[in-house]
1. I'd like the full set of residues that are touching a helix residue (DSSP H, G or I) at 6+ places or on another chain (Cβ under 6 Å), among the aliphatic types (A, V, I, L, M) and either modelled with pLDDT under 95 or closer than 13 Å to Leu98 by Cβ (or both), limited to the range 14-27.
2. Name, by its number, the condition in (1) surrounded by fewer than 16 Cβ atoms within 10 Å (Cβ to Cβ); (2) modelled with pLDDT under 95 that does not hold for Asp93.
3. I need the full set of residues from the range 53-81 which are farther than 15 Å from Val38 by Cβ and of a type in the set (S, T, N, Q), in order please.
4. Report, by residue number, each residue of the range 61-75 that is assigned to a helix (DSSP H, G or I) and under 12 Å from the mean Cα position of the chain (by Cα).
5. For the range 12-42, which positions are part of a helix (DSSP H, G or I) and hydroxyl-bearing (Ser, Thr, Tyr)?
6. How about the range 43-60: which of its residues are of a type in the set (A, V, I, L, M, F, W, C), part of a loop (DSSP other than H, G, I, E, B) and in contact (Cβ under 8 Å) with a residue 40 or more places away in the chain?
7. Tell me which residues, restricted to the range 82-100, are free of Cβ contacts under 8 Å to residues at least 60 places away in the same chain, assigned to a loop (DSSP other than H, G, I, E, B) and under 21 Å from His43 (Cα atoms).
8. Which numbered condition in (1) surrounded by 11 or more Cβ atoms within 10 Å (Cβ to Cβ); (2) in contact with a strand residue (DSSP E or B) (Cβ under 7 Å, 6 or more places away or on another chain) is the only one that Ala34 fails?
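The values are calculated or read from the model by the stated rules, or taken from the named source; none is laboratory data. Note that the coordinates shown come from a computational prediction; the quantities given were computed from them, not determined experimentally. Here Cβ is always computed from backbone atoms with ideal geometry, including for glycine, and neighbour counts include all displayed protein chains.
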Amino acid sequence: MSFYDEVYEVVKRIPKGRVATYGQIARLLASPRASRAVGYALHFNPAPGVIPCHRVVNREGRLAPAFAFGGQEMQAQLLAAEGVFCDEDFVVDLDRYLWRENGE
């Protein structure tokens, strides 16, 4: 299984109503320095309806300014439809919405 495939499998586990960070996904894959590679993999998401890349944000909770499937506004809309809201600067409250798995 490629690194990208592993990223996609982890992202599929993020439940509705939660977000994860690029770094969190990298750590779950035992590659703590690979957060940029996680972002790159998600930019080329082969199945956007199946792999919920909109649930991944940066370490500050900020949405992706270049979200591959419609920009920050679209990412915010997809998250809001699942009950995750961001502020006017497109930042999600990680204390409230961060997904926790494996002691993360």
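1. Across the range 14-27, the qualifying residues are Ile14, Val19, Ile25.
2. (2)
3. Gln72, Gln75, Gln77
4. Step one: of the range 61-75, the residues assigned to a helix (DSSP H, G or I) are 71-75.
The answer is Gln75, and nothing else.
5. We begin by selecting, within the range 12-42, every residue part of a helix (DSSP H, G or I); these are 12, 22-28, 35-42.
Listed by number, the residues that qualify are Tyr22, Ser35, Tyr40.
6. Residues of the range 43-60 that are of a type in the set (A, V, I, L, M, F, W, C), as a first pass: 44, 47, 50-51, 53, 56-57.
Checking the rest, the ones that are also part of a loop (DSSP other than H, G, I, E, B) come to 44, 47, 50-51.
Result: Phe44, Ile51.
7. Narrowing the range 82-100 to residues free of Cβ contacts under 8 Å to residues at least 60 places away in the same chain: 85-91, 93, 95-96, 100.
Keeping just the survivors that are assigned to a loop (DSSP other than H, G, I, E, B) gives 85, 87-90, 93, 100.
Passing the criteria: only Phe90.
8. Ala34 satisfies every listed condition except (2).
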